[in-house]
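Notes follow the structure.
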Amino acid sequence: MVKKTITVINEQGLHMRPAGVLAKAASAFKDCNITLNVNGKSVNAKAVMQIMSAAIKCGAQVEIVCEGTDEQAALD
């Protein structure tokens, strides 16, 4: 398991478009579970609707957790 904490700098937060880009990129790692921990919620980074439901705003601290065979590549 590898993890990293990032700060969202997009003024609109993770709205539909960047959430879709993130989910698409995360889905490329089939053998890796990618989770976003933010605001006391834990969501699947491969599911656009779960990312949207987290209501991630500009300035939010998001912990990205990757577990699987290509976890470091997924985190990078």
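The values are calculated or read from the model by the stated rules, or taken from the named source; none is laboratory data. The structure presented is a predicted model; accordingly, all values stated were derived computationally and were not measured. Ligands, DNA and RNA are stripped out before the accessible areas are found, and what is left, the full protein with its side chains, is counted by its heavy atoms. Shrake-Rupley method; radii C 1.70, N 1.55, O 1.52, S 1.80 Å.
Just a few scattered comments:
- Choice from 38, 65, 21 with maximal GNM fluctuation in the chain (Cα, 10 Å cutoff): 21
- Residues in segment 1-51 average 66 Å² of solvent-accessible surface per residue, probe 1.4 Å, ligands and nucleic acids excluded.
- In summary, the lysines within cross-link reach of residue 57, defined as a Cα separation below 27 angstrom excluding same-chain residues under 8 places away, comprise 3, 4, 24, 41, 46.
- What a 1.4 Å probe finds exposed on the chain is 55% carbon and sulfur by accessible area, rounded to a whole percent.
- Potential extension, residue 58-residue 10 segment - 0.36 nm per residue separation minus Cα distance: 16.7 nm
- Against the chain, whose longest principal axis is taken from its Cα atoms, helix 16-27 shows a tilt of about 10°.
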